[in-house]
Amino acid sequence: MKRLFFCLLAATALMLASCGERTKRSASKADTIALTTCPRFNAGNAMQFIKEQCEFGPRVTGSEASRLCGDYLVERFKSYGAEVEEQTASVTTWEGKQLPARNIIAHVNPASTDRILLCSHWDSRPWADNDPDETNWHTPVLAANDGASGVAVMLEICRLLQEKPAQVGIDMICFDAEDLGTPRWEEDRIGSSDTWCLGSKFWAERAMMNGYKARYGILLDMVGGFGATFSREGTSRQLAQPIVNLVWQLAGQLGYRQFFPLTDGGYITDDHINVNDAGVPCIDIIPYFEDGPSSFGPTWHTLKDTPDNIDPNVLEAVGQTLTQLIYNEH
């Protein structure tokens, strides 16, 4: 996951037809989008959902904490009226180990054939291999931001959709096994390109087999850290430019331009690539830090990725923008 590539990829001019002409018009940079009345996203609730996930400890794929937290997520989504589907698979890690993975999919308004996809990974990194203290590198990450924050935003949106139904169907996917990629101390020896995003790869294979369709998808990755700003990620621009335009336009109109600047970031290896491969144009909302030990922020893959390093203002900016997006859809 989350490997940043600044080399330019060959441009592909194709825009998938499922974006829809209405969405393309709405996404025009010159347009002012009419805002439908929608509920207020409660960042306090999202903070609580992050804390509740972290109370299980690091949710490393295949662990007991993962099993217990997965059960919690299933029940939470069901309590907000969603129909929950689970996908289980055996995934192969960088060292050839087999682990049981579990994707959790919440369907809101499942009868609708007109759908939008939201997704995030929910597993924890098994190794804090970007921690400044190398003695911590073999310790699992609590993953308050890098995992729990995106899931928390989806849970709060699911709660709002129960209170005030939207006109479209929403699928919310919690991808497992995203963060099992090759640890830092082994990258030079064996590489890492095929060791990330294993849960979304499994989902994408099944989605293509089953003919899954959605207007578009939005991946949420690390959407709660202090100081986070979200540049327009490269693959998102390349494969789903109208959706990038639409989300950043809405964020600006809602007063969140400081969090969604009109700047372009690099190309990230993340779950949205597999979603795009499945035929759903999907963007990645992921932070970009110009300064510091990592372009993904100071807590990325460290033992400091804890709830006390989550900013409710960032959660609100992301959550309210997506809430407005959903209720604007007709």
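Could you say which residue among Ala101, Ala144 is in contact with a strand residue (DSSP E or B) (Cβ under 6 Å, 6 or more places away or on another chain), within 26 Å of Val247 (Cβ to Cβ) and among the hydrophobic types (A, V, I, L, M, F, W, C)? Break it down into steps so the answer makes sense when it comes.
Values: Ala101 fails: within 26 Å of Val247 (Cβ to Cβ).
After ruling out the rest, the residue left standing is Ala144.
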Completion exercise
Filtering helices (runs of 4 or more DSSP H) wholly in the range 1-120 for at least 1 residues that are at pLDDT below 90 gives 21-26
Practice task
Take the residues in the range 185-210 that are of a type in the set (Asp, Glu), assigned to a helix (DSSP H, G or I) and surrounded by 12 or more Cβ atoms within 10 Å (Cβ to Cβ), then tell me which one is modelled with the lowest pLDDT.
Solution key: Glu187
Handout entry: Residue check for Thr182: open to solvent by 10 Å² or more (accessible area, probe 1.4 Å) and β-branched (Val, Ile, Thr)
Key = no
Practice task
For the range 128-165, enumerate the residues that are buried (at least 23 other Cβ atoms within 10 Å of the Cβ) and either modelled with pLDDT under 95 or not in a helix (DSSP H, G or I) (or both).
Solution key: Ala128, Val141, Leu142, Ala143
Exercise for the section: Tell me, yes or no, whether the range 110-122 has at least one residue that is among the charged types (D, E, K, R) and open to solvent by 10 Å² or more (accessible area, probe 1.4 Å). Expected result: yes
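So that you can scan it fast, the table gives a plain yes or no per residue for (1) within 16 Å of the chain's Cα centre (by Cα); (2) open to solvent by less than 30 Å² (accessible area, probe 1.4 Å); (3) within 22 Å of Asp176 (Cβ to Cβ):
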| position | (1), (2), (3) |
| --- | --- |
| Lys213 | no, no, no |
| Gly217 | yes, yes, yes |
| Met222 | yes, yes, yes |
| Ser236 | yes, yes, no |
| Gln241 | no, no, no |
| Ile285 | yes, yes, yes |
Problem - Any hit, the range 293-303, residues being surrounded by fewer than 19 Cβ atoms within 10 Å (Cβ to Cβ), at pLDDT 95 or above and β-branched (Val, Ile, Thr) - result: no
Problem - Residue count for the range 279-330, restricted to those that are hydrophobic (A, V, I, L, M, F, W, C), more than 17 Å from Met47 (Cβ to Cβ) and touching a Ser or Thr at 6+ places or on another chain (Cβ under 9 Å) - result: 8
Exercise for the section: Please specify each residue of the range 245-258 satisfying the condition of being surrounded by 23 or more Cβ atoms within 10 Å (Cβ to Cβ) and in contact (Cβ under 8 Å) with a residue 24 or more places away in the chain. Expected result: Leu246, Val247, Ala251
Exercise for the section: Scan Thr235, Thr195 and give me the residue that is over 15 Å from Asp123 (Cα atoms) and touching a residue at least 24 places away in the same chain (Cβ under 8 Å). Expected result: Thr235
Handout entry: Failed condition for Tyr72, given (1) open to solvent by 10 Å² or more (accessible area, probe 1.4 Å); (2) in contact (Cβ under 8 Å) with a residue 60 or more places away in the chain
Key = (2)
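The values are calculated or read from the model by the stated rules, or taken from the named source; none is laboratory data. Predicted model, so just to flag it, every value in this text is computed and none were measured. So basically every Cβ, Gly included, is an ideal-geometry build from the backbone, and we count neighbours across all protein chains shown. Quick note on the areas: whole protein, heavy atoms, side chains included, nothing else; ligands and nucleic acids left out. Shrake-Rupley method; radii C 1.70, N 1.55, O 1.52, S 1.80 Å.
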